[in-house]
2 protein chains.
Amino acid sequence: MTQPGIDVTRSVGLALKRAVTSLRTAMDDVLRPLGLTVSQYACLEQLAQRPGLSAAALARLTFVTRQSAHTLLQGLEERGLLERSADPPSGRALPLQLTSTGAALLRSASTAVAAVETHMVSAIDANRVDQLLVDLDAFASALDQEAGPASGAQDELPQ
Amino acid sequence: MTQPGIDVTRSVGLALKRAVTSLRTAMDDVLRPLGLTVSQYACLEQLAQRPGLSAAALARLTFVTRQSAHTLLQGLEERGLLERSADPPSGRALPLQLTSTGAALLRSASTAVAAVETHMVSAIDANRVDQLLVDLDAFASALDQEAGPASGAQDELPQ
DNA sequence: TGCGTCATGTCAGCATTCTGACATACAGTG
DNA sequence: CACTGTATGTCAGAATGCTGACATGACGCA
């Protein structure tokens with residue numbers, strides 16, 4: 001029973017999972033009144049910061065497949081929160097952009113999500129936040145390089 | 001565009017998600033040759049450390065619903081990796097335990113997973129690991145209390 | 001010009017996990 | 001003993017995300 005080193009009480013992986021699960025639940029709770037899921041919010045947020053993104057590019061940024069992004073975007077488009085330019089400027093990629101309705105909804109969502117994140121972050125010493133970000137990023141980088149490219153999604157990010 | 005505070009480059013939530021996504025992918029990669037998913041591995045691991053657990057208790061420990069655990073356990077039982085005592089000692093709870101086959105497979109899985117986690121953790125200064133665990137735990141606790149009980153799963157953990 | 005490759009959008013099917021619901025078994029209370 | 005409450009196991013359906021596959025448009029190259 002004394003295996004290599006899976007002490008549950010000090011597994012970083014488990015601690016990460018717990019934190020993410022709690023965060024996701026909390027975000028779900030504040031986004032539900034707005035009729036958004038966490039994935040949908042992530043899409044809107046990215047789209048606001050990078051208008052004209054294609055669906056495939058958006059998928060990479062939100063760490064899902066472009067198929068998943070496709071169905072998700074369909075729902076958002078039907079609700080009038082975003083629109084896709086009818087004219088493909090270059091290849092097949094259709095630039096996406098928020099409608100004014102979508103932008104307004106995103107503002108509410110951003111405020112709510114920011115409150116959740118602020119509350120979470122306030123649970124630790126402010127001086128450690130920056131270091132924490134660096135460490136988490138180091139984790140992702142270490143794991144991604146190990147497994148070869150295309151770890152988070154099916155392609156590299158285009159930057 | 002200058003909203004409350006959703007600077008993507010320094011969002012703790014996003015950093016957490018990236019790290020967890022990368023970790024999950026890496027674990028999937030090493031567990032796939034063994035025919036296990038991350039969820040299945042988590043079940044086996046918990047079961048090895050706490051033999052006699054009921055399915056519902058296992059669900060709480062692995063942060064899923066007992067319905068999900070049920071279907072997952074069915075698969076593991078059919079593969080002969082675990083067995084449930086036919087006699088309910090008390091209520092309806094059927095104690096679960098690993099078979100020797102399951103224990104052997106878990107040993108391989110544990111070794112593989114430990115290697116992934118070790119590799120991830122080695123990306124940061126060893127002195128910060130303990131603090132990181134404390135901080136992540138503080139995140140989860142802060143979020144859980146906010147949203148009321150029953151955040152991670154549908155019930156509190158029985159400890 | 002024609003062909004191979006790649007990225008994208010899209011459809012279909014499958015897997016996983018969730019919510020909802022129901023039956024059962026025990027504990028507590030009258 | 002009967003009634004209520006709680007915990008568990010289990011089934012059914014829906015939601016979400018994945019893999020696989022295909023068609024299309026752009027680009028590089030002979």
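The values are calculated or read from the model by the stated rules, or taken from the named source; none is laboratory data. Just so it is clear, the structure is predicted and the values come from calculations on it, not from any experiment. Cβ coordinates were reconstructed from backbone atoms using ideal geometry, including for glycine residues, and neighbour counts include every protein chain displayed. In case anyone asks, the SASA skips ligands and DNA or RNA and just uses the protein heavy atoms, side chains included. Shrake-Rupley method; radii C 1.70, N 1.55, O 1.52, S 1.80 Å.
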Study note, to complete from the structure: Rounded to the nearest 100 Å², the accessible area buried between A and B, both sides, probe 1.4 Å, is 5700
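Take the Cβ-Cβ distance between A:Q97 and B:V134 as r, set R0 to 51 Å, and report the resulting FRET efficiency rounded to the nearest 0.05. Don't skip to the end; give the middle numbers.
Values: r = 43 Å, r/R0 = 0.83.
Calculated transfer efficiency: 0.75.
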Point to revise | Convex hull projection area averaged over all views, segment A:3-95, Cα basis, nm² | key: 8.5
Revision key, fill the gap. For the pair A:S85 and B:R107, the simple spin-label estimate (label points 7 Å beyond Cα toward Cβ) gives in nm 6.1
Review point. What order, most packed first, do the peptides B:80-89, A:14-23 have when packing is the mean number of other Cβ atoms within 10 Å of each residue?
Key: A:14-23, B:80-89
Point to revise | Inter-part distance where segment B:74-135 and segment A:73-137 are each reduced to a Cα centre, Å | key: 35
Review point. For peptide A:114-121, how many partner chain Cβ atoms fall within 10 Å of a residue's Cβ, on average?
Key: 6
Check your understanding: Please state the relative contact order of segment A:33-146 as a whole percent: Cα pairs under 8 Å, 6+ residues apart?
Key -> 24
**Study point:** Label-point gap, in nm, between A:S122 and A:S141 - each point 7 angstrom along Cα→Cβ
**Key:** 3.2
Study note, to complete from the structure: Rg from C-alpha atoms of segment B:48-150, normalised by the globular rule of thumb 2.2 N^0.38 Å, equals 1.36
